[in-house]
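Input: a single structure, listed below in structure tokens.
A short reminder: the numbers here are calculations on the coordinates, not readings from a lab. What you see is a predicted model, and the numbers here were worked out from it, not measured in a lab. Cβ sites come from the backbone with ideal geometry, for glycine too, and all protein chains shown count toward neighbours.
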Amino acid sequence: MNKAITDGLVLMPQPFSAGLNLWSQTDGTPGSASWAGQPDAVLVSSDADFGDCLEMQKTDATQSLRAYAETPFEPGLYLRVTARVKAVSGNLPGVRIAGWPGNASGGLVSGVPQTGPEVVLDSYGKVVTVSAIFGSGNRQGVDVVWGTAPVFGHFGLDLTGPTGGVVRIDDLVIEDVTEVFHRKMMDWVDVRDYGAVGDGVTDDSAAMAAADAAAAGRTVLVSAGDYWCAQDVTFASPVRFEGTLAMPANRKLACTRNYDLDTYAAAFGSELEGFRRGLQVLFHFTDHVVFDLNGRRVDLVEPIDVAALCGLTSFAQRRVITNGQLNAATSDAWTTFSTSSAATYSTASATQLTGVANAVNIPVGSLITGTGVGREVYVLGRNTGAQTLTISQPLWAAAGTRNLGFQRFRYMLDFSGFDDLQKFEITDIEFQCNGLASAILLAPSGNTFRVADCVFTKPRDRGITSIGSGCQGMLVDQCQFVSNEQALRAQDRTSIALNVNANDSKIRDNRIVRFAHFAILNGTGHMFIGNHFFQGDDEPAGTRRAGLVFTQPNLKTLITGNYIDNCFIELSNEHDATPDFADVYSFGGLTVTGNIFTCNDVGSWFRWIVVTPRGTGHFINGLSVISNAFRTVNTNIDRIEAIDTTHATLDFGRFRNIRFEGNTFNGIEQVTVSPVLVEHDQTTEADTWVIDGAGFLPFGARARNVEAVVMGGPVTTVGNVKRYEFPYVLTEQGTGAQLVHLKWSEPLKGTAFLTIRCDSPA
């Protein structure tokens, strides 16, 4: 850069031959004495070294020569002032370049240096070049740092040292040497300097690479223009875009030093294309794992098929999208695809539909509906030639040929094109679905997909959907799911926050508002901790639906520290092709502890824990409901638990390891406790005391065991004679086997405390 050229600055003072009246004896300011007519300064013509020049005799200790001309000065400008000098006779003086800094008012800028390095002349007739660089910045090589206050300078030189000597001085030269400092001051290279055309037609890929190589860590400037790059482009240096790029869909822009949405939006001229291209290259980086949206909003007009975008079918390294908002914009691309087809199902091939007449038109990821189909069953794969569909879960009662419905929801981020995706994360993103789109569709296979600190606002159908095992070990932490159906009655809602097909999900500290269901879960080993999910409505005595639905009977799952509000926990086996019990684990393996259960304005029939067996012969083995708080508002309910006997009931004779204890109950007519301590007062003598603890036992179960019998005082005969014998116990007595009989050898009366269980402890 040379401002004398680019900005038209006039830097050079007049030559001495133009007259010594143009040169000051002091600082060059108007009114200062000139050298015109002075006896110790004369013009010399035709010097052998200089041609026309100035000859001066040194008469003062410091003898100054300054141009009256005001040489422009500004921040970022670097001037080199040069004089050629030779001693003619007498004492040999020192010489230094000097300048007087003037401000915008014409006054002196104080506190800045005015002189450069001194050079002492050491012989006669020898031409010595003296120079100094004046600049605004304190950079290496700058002799006189003036800062940003001066706007002009009176430049010249000083003679120092002994007086009496005579010197000759060539015309002063002032040059713009800003370009010497260009590398550090303007720390970028322009792609146009390396052959980029920017006409939208010429392939500028090679020029981009050349500029990046030359930058060597400096910033690459893609200056104004439309650049076509037919090949992949990688910037190892920082890059700044004034112009925009266009590339084939399968080509990638890798900005390795400023990998974020701001850069990619500038590169491609829009947030949407910038997001797509940034997401594309995320899967191809080796030195970046996080794509930062810089807190910006991206309007999506259609689903993003992530696998197609990045050109991969599997990926197993950690990658993260973070910090922004994805906003569904109005578009027909969000319309749910719906169709139906006859299909044949056999329990022998539990995850396959055959004879699917319309298979070619049924997309992978479609939700399957119909008689005998459980909730959240999806098309996982298809073979159109064979007219078969692979499905995510078995059907519980759909054997034979029947007509089924298929709905393909549209997701903002669709990962279903991957065969396998592992360790992908989405953090601090708001999915603004606007009732138009669903949010995330997972890959068919993979593990530890993580969603954290995100907001799912008004998904049309689903928040997070799994169509296979891509949810294995899924983590959903500190998210909000806000339904698009809040104004509807609970029974009229269809949207679901998330579903899980595989094992070991961790769902923690989320807030879920008025969906049809919070989560439908197959698999085992799940952890629900610290969530608040509420699904009420404004209806009096309103219907309530399940918040959590577990479709695997034996769960190995814990539900701890949640706020379960106007919804319930349902245990089902609707993803079992042969739902009757037959040598498998039955319901159980569930720990429910330390939760808050609440409801308001519901019917007395509402329950918080419901078991819905789809087949006969099932029972409960391992259910702990401990230290929870159950409370109703504006209503009372009969009890907290129930069996939905629509399809079948449970075998009470096989209950094992069931504990309801340490819970608190408010607004519940009958509390549920097992083991339960029952106090029985026998006021009339009898040899059989009938103890009824049936109301306390969960699910209307039997009184199967008595853990302890303790007498609360003396047992006496008709004549009040004390007896010290111990009775024996008969369990499962009476209609429904819900009574306990305490048997004595003779009629007695008194008080007994019995600890009754509904199960076998082993």
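One table, with the values for the structure above:
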read-out: Cα-centred dipole magnitude for the chain, charges only on beta-carbon of K, R (+1) and D, E (-1), debye, nearest 20; value: 1900 debye
read-out: Distance from the range 738-758 to the range 633-681 (C-alpha centre basis), Å; value: 22 Å
read-out: Loop trypsin sites (Lys or Arg not before Pro), the range 438-504, which have at most 15 other Cβ atoms in a 10 Å radius of their Cβ (DSSP); value: Arg489
read-out: Whole-Å distance, taken between Cα centres, linking the range 366-391 and the range 229-302; value: 37 Å
read-out: Cys758 long-range amide H proximity, modeled H, under 5 Å; value: Arg704
read-out: Anisotropy class of the range 483-666 from Cα gyration tensor, a/c 1.5 cut; value: rounded
read-out: Approximate spin-label separation Arg654-Ser627, in nm, with each point projected 7 Å along Cα-to-Cβ; value: 3.2 nm
read-out: In the range 697-747, the GluC sites (Glu not before Pro) that fall in loop regions by DSSP, at most 15 other Cβ within 10 Å; value: Glu725
read-out: Pairwise centroid distance, computed over Cα atoms, of the range 123-197 with the range 92-106, Å; value: 12 Å
read-out: Note, ³J(HN,Hα) from phi for the range 68-81, Karplus 6.51, -1.76, 1.60, rounded to Hz, x at Gly and Pro; value: 5, 4, 8, 7, x, 9, 7, x, x, 9, 10, 10, 10, 9
read-out: Other-chain or far-sequence residues with amide H under 5 Å of Val592's (modelled H); value: Ile559, Ser624, Val625, Ile626
read-out: Answer label, with mean projected area of the Cα convex hull in nm² calculated from the coordinates and candidates (1) 52.5; (2) 42.0; (3) 66.2; value: (1)
